[in-house]
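In what follows, a single structure is set out as structure tokens and then discussed.
The values are calculated or read from the model by the stated rules, or taken from the named source; none is laboratory data. Since the model is a prediction, treat every value here as computed from it, not as a measurement. Cβ sites come from the backbone with ideal geometry, for glycine too, and all protein chains shown count toward neighbours.
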Amino acid sequence: MESRFDHLKYEGQIYKSWEKGGCFIPKKIVRGTLPYSIIMPPPNANDDLHVGHARFLTIQDILIRFYRMRGYSVLWLPGADHAGIETQYVFEKKLAAEGKSRFDYSREELFESLMKYTLNYKGIMENQIRAIGCSCDWTKSKFTLDKDIINIVYKTFKKLYDDGLVYRGETTVNYCTKCGTAFSQLEVNHSEEEGFLYTIDYGSIKISTTRPETIFADSAVCVNPKDERYKKYVGQEALIPIVNRKIPIIADQVVDIEFGTGALKVTPAHDFTDFEIGRNHNLSYISVIGLDGRMINVPPKYVGKKVLSAREMVIKDLKKEGKLVSEKKNTHVVGRCYRCNSLIEPMVLKQWFIKTDKLSALALSAINQKQIKFDIKKYEKIAKNWLKNLKDWNVSRQIVWGIQIPAWRCNKCMEWTITEGETPSMCPKCGHTELKRDPDTFDTWFSSGQWPFATLLSLDESNKKDFSYFDYYYPTSVMETAYDIIPFWVIRMIMLGIYATGSVPFKRILIHGLVRDGQGQKISKSKGNVINPLVMIEKYGADALRSGLIWGALVENDISLSEEKIRAQRNFANKIWNIARYISQGTDEVKIRSRAPKSSLEADVKIIKKLKNTARSITRLIEKHRLNEAIEKLYNFIWKSFANEYLESTKTRRKESQKILEYVLQESLKLVHPFMPFVSEAIWGEVFGDKKKGLLIEQRWPVNL
């Protein structure tokens with residue numbers, strides 16, 4: 001053995017030996033074998049993996065290797081997400097750099113270009129996952145745009161439709177004019193920002209608004225019926241300045257008496273609250289902002305202007321007419337696109353919606369009945385809070401990249417037909433044969449919300465044997481993911497999983513925190529503190545990165561990561577290597593032992609006892625998902641108890657202690673393996689290289705020491 005562990009020499013060949021040997025594929029199930037399964041949260045196939053990916057992959061791989069060595073039938077199913085708007089946004093930035101845009105392509109051309117781009121990154125991403133050492137079953141890898149996955153997504157949508165849980169409604173939705181699509185409530189980032197509150201003279205009454213550019217879309221002025229100042233005005237008319245159009249003055253309890261003048265303009269087409277007021281009072285709505293973010297249906301001078309430019313023009317014209325009473329600085333909540341940070345424009349559009357009341361009730365019941373266990377209570381509370389406050393889910397997206405909604409509209413009776421993906425030959429309502437498909441695609445969270453059961457069911461579709469992956473591995477053992485996608489993904493997997501299968505999609509939920517830099521700052525390109533996991537692997541090895549990503553913080557907490565921390569873990573890997581090197585030099589042949597060699601010497605008895613206690617503690621800690629405590633206990637045992645104390649004490653009686661040294665090393669490597677698989681496997685091959693006994697990844701976890 002060389003003096004230091006050369007990760008560049010070993011890692012690639014070791015991973016190939018694992019994969020070639022079928023080590024990641026679940027072994028043949030024998031009587032009494034328990035299942036353990038994780039469906040990998042599919043990374044977006046549109047960019048390189050970042051350090052956040054490396055953390056969740058490391059956490060899951062530790063659990064997978066641990067339970068595999070415990071004798072469970074383990075399935076870790078990998079995948080990749082087409083990622084809908086996320087990928088199209090990244091791709092459009094690439095097109096912009098080339099002087100092109102999505103409008104230069106037909107729908108089919110754009111889709112094919114996106115598919116080529118995504119599949120290329122999918123391959124790159126999978127090799128990066130391999131570099132981290134992930135022991136997932138690549139023979140069962142799935143992609144969210146695989147035909148069999150799409151078929152299952154269609155079946156779920158058809159079932160929802162047939163059960164009366166899908167409707168096509170014309171209502172106010174969150175729309176990003178830059179991304180060119182509507183979003184659900186969960187995909188809008190709300191924050192307080194400074195702006196202005198304008199008071200405008202509407203003739204008989206003065207109104208307050210933060211958006212004077214939308215006065216052309218007003219249908220009424222609304223006051224609170226309890227507001228004594230305006231009771232006499234209800235039923236009268238107000239006059240919109242600039243266009244001098246009369247609108248009614250109405251009363252509704254939703255108006256805040258204390259806000260501004262207490263009289264608000266009602267713009268149903270461009271505000272959620274106003275839309276509800278309009279619906280309750282049978283008001284008409286006028287759209288004055290187009291899907292491109294430019295003014296429409298307004299006086300000619302404003303047509304085609306962007307919203308903020310139009311606002312400035314309107315304010316200037318109101319001043320000229322003497323209709324702008326005041327403008328005051330005001331802090332108010334605005335919505336921004338979670339993807340590109342553009343201001344969200346509320347728009348009235350026809351969209352497909354899923355009713356969420358029954359689905360959320362199913363999910364809440366399952367959580368309350370402990371059918372699903374959150375490791376951390378605060379995340380359970382967050383999930384339940386979202387489920388209690390969900391609005392109907394807008395699943396329509398006006399983009400090309402994704403699963404096209406299986407809805408066809410009859411040109412004669414104008415009715416919609418929903419199928420499981422097949423094109424209907426005629427309208428079931430009137431028999432007409434001219435039907436046009438809706439061009440919208442599903443919200444990517446609708447398809448990924450079905451990921452746990454869709455992946456397993458798709459395996460069964462291609463597996464014609466008697467064995468059912470779905471029956472054996474569903475519900476999956478644990479869902480491990482980040483806290484920022486609890487509302488986007490976790491609660492939707494619970495809702496759709498229970499609805500589609502009658503069972504929860506997973507038994508436990510483990511939420512991990514963010515990776516921050518060494519000073520605890522959020523990692524971002526703008527701050528220049530990005531830690532590239534692939535660079536760290538090249539420099540220090542995958543084992544060092546993996547250990548650095550779990551060392552020093554509970555899984556559920558944010559973790560600080562620095563190059564110094566990764567370097568320290570590389571030193572730990574070298575320490576283990578040098579312990580093994582020393583032990584292997586003490587004999588011509590190192591044997592694998594099924595039990596501890598007998599010895600009456602106090603030091604020998606003590607180290608075996610410490611090994612046994614350490615193995616028990618690490619087992620319990622991993623079962624509880626307290627991975628940082630497990631590796632820290634392992635570190636202390638190997639470095640302090642084994643190396644500094646026991647190994648040093650044996651140098652004067654080397655021959656007598658050799659068997660104990662070999663046995664402790666043998667069992668220690670098993671404990672190391674889930675955390676640092678490469679160095680442990682390399683040592684196993686160099687020291688215990690017995691083809692009959694197999695690779696370290698195939699060994700049983702220390703239990704009966």
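What the table shows:
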read-out	value
Neighbours by Cβ (under 6 Å, 6+ apart or cross-chain): first from the stretch 108-124, under 14 Å from E92 (Cα atoms); second of a type in the set (G, A, S) and not in a helix (DSSP H, G or I)	T118/A45
Enumeration of residues in the stretch 471-500 that are among the hydroxyl-bearing types (S, T, Y), closer than 9 Å to P452 by Cβ and out of contact with any Leu (no Cβ under 7 Å at 6 or more places or on another chain)	T476
Out of R616, R653, R700, sole residue that is more than 32 Å from the chain's Cα centre (by Cα), surrounded by fewer than 16 Cβ atoms within 10 Å (Cβ to Cβ) and in contact (Cβ under 8 Å) with a residue 60 or more places away in the chain	R700
Pairs with Cβ under 8 Å, 6+ apart, first in the stretch 226-242 and in contact (Cβ under 8 Å) with a residue 24 or more places away in the chain and outside any loop (DSSP other than H, G, I, E, B), second surrounded by fewer than 18 Cβ atoms within 10 Å (Cβ to Cβ) and charged (D, E, K, R)	E237/K246; A238/K246; L239/R245; L239/K246; I240/K246
Residue that is out of contact with any strand residue (DSSP E or B) (no Cβ under 6 Å at 6 or more places or on another chain), at pLDDT 95 or above, more than 26 Å from G133 (Cα to Cα) and not basic (K, R), where the choices are I618, I608	I608
Residue under evaluation D6, criteria (1) crowded, with 19+ Cβ neighbours inside 10 Å; (2) under 30 Å from V679 (Cβ atoms); (3) of a type in the set (D, E, K, R), criterion not met	(1)
Failed condition for G169, given (1) under 21 Å from the mean Cα position of the chain (by Cα); (2) touching a residue at least 40 places away in the same chain (Cβ under 8 Å)	(1)
Residue under evaluation R339, criteria (1) touching a helix residue (DSSP H, G or I) at 6+ places or on another chain (Cβ under 6 Å); (2) assigned to a helix (DSSP H, G or I), criterion not met	(2)
Test result for A542, in contact (Cβ under 8 Å) with a residue 24 or more places away in the chain, under 26 Å from K381 (Cα atoms) and over 18 Å from the mean Cα position of the chain (by Cα)	no
Number of the condition not met by R70 [criteria: (1) farther than 24 Å from I511 by Cα; (2) surrounded by fewer than 22 Cβ atoms within 10 Å (Cβ to Cβ)]	(1)
R168 vs. criteria assigned by TED's automatic domain parsing to the domain that holds V288 and of a type in the set (D, E, K, R)	no
Subset of the stretch 187-215 that is over 26 Å from L308 (Cβ atoms) and in contact with a Leu (Cβ under 9 Å, 6 or more places away or on another chain) - its residue that is surrounded by the fewest Cβ atoms within 10 Å (Cβ to Cβ)	S204
Output for the stretch 555-568, where each listed residue is touching a residue at least 60 places away in the same chain (Cβ under 8 Å) and either part of a loop (DSSP other than H, G, I, E, B) or not aliphatic (A, V, I, L, M) (or both)	V555, E556, L561
Which listed residue, of S458, S503, S447, is under 30 Å from N394 (Cβ atoms) and under 13 Å from the mean Cα position of the chain (by Cα)	S447
Check on W684, farther than 28 Å from R508 by Cβ, modelled with pLDDT of 95 or more, surrounded by fewer than 18 Cβ atoms within 10 Å (Cβ to Cβ) and in contact with a helix residue (DSSP H, G or I) (Cβ under 8 Å, 6 or more places away or on another chain)	no
Subset tally (residues that are more than 19 Å from P702 (Cβ to Cβ), touching a residue at least 24 places away in the same chain (Cβ under 8 Å) and polar (S, T, N, Q)) for the stretch 586-605	1
Filter result for N368 (loosely packed, with under 15 Cβ neighbours inside 10 Å, under 37 Å from the mean Cα position of the chain (by Cα) and at pLDDT below 90)	no
Of residues in the stretch 9-34 being of a type in the set (V, I, T), in contact (Cβ under 8 Å) with a residue 60 or more places away in the chain and part of a loop (DSSP other than H, G, I, E, B), the one surrounded by the most Cβ atoms within 10 Å (Cβ to Cβ)	I25
1 or more residues closer than 30 Å to K355 by Cα and in contact with an Asp or Glu (Cβ under 9 Å, 6 or more places away or on another chain): qualifying helices (runs of 4 or more DSSP H) within the stretch 46-165	84-97, 147-162
Among the candidates L634, L611, L647, residue that is surrounded by fewer than 23 Cβ atoms within 10 Å (Cβ to Cβ), part of a helix (DSSP H, G or I) and either not basic (K, R) or not assigned by TED's automatic domain parsing to the domain that holds Y582 (or both)	L647
E194 vs. criteria assigned by TED's automatic domain parsing to the domain that holds G335 and of a type in the set (D, E, K, R)	yes
Of all residues in the stretch 489-529 being part of a loop (DSSP other than H, G, I, E, B) and in contact with a helix residue (DSSP H, G or I) (Cβ under 8 Å, 6 or more places away or on another chain), the one that is farthest from E564 (Cα to Cα)	S503
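Okay, residues lined up against (1) out of contact with any strand residue (DSSP E or B) (no Cβ under 8 Å at 6 or more places or on another chain); (2) within 20 Å of R336 (Cα to Cα); (3) assigned to a loop (DSSP other than H, G, I, E, B); (4) assigned by TED's automatic domain parsing to the domain that holds R229:
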| site | (1), (2), (3), (4) |
| --- | --- |
| K246 | no, no, no, yes |
| I249 | no, no, no, yes |
| Q253 | yes, no, yes, yes |
| G260 | no, no, yes, yes |
| K265 | no, no, no, yes |
| A269 | no, yes, no, yes |
| I277 | no, no, no, yes |
| L283 | no, no, yes, yes |
| I286 | yes, no, yes, yes |
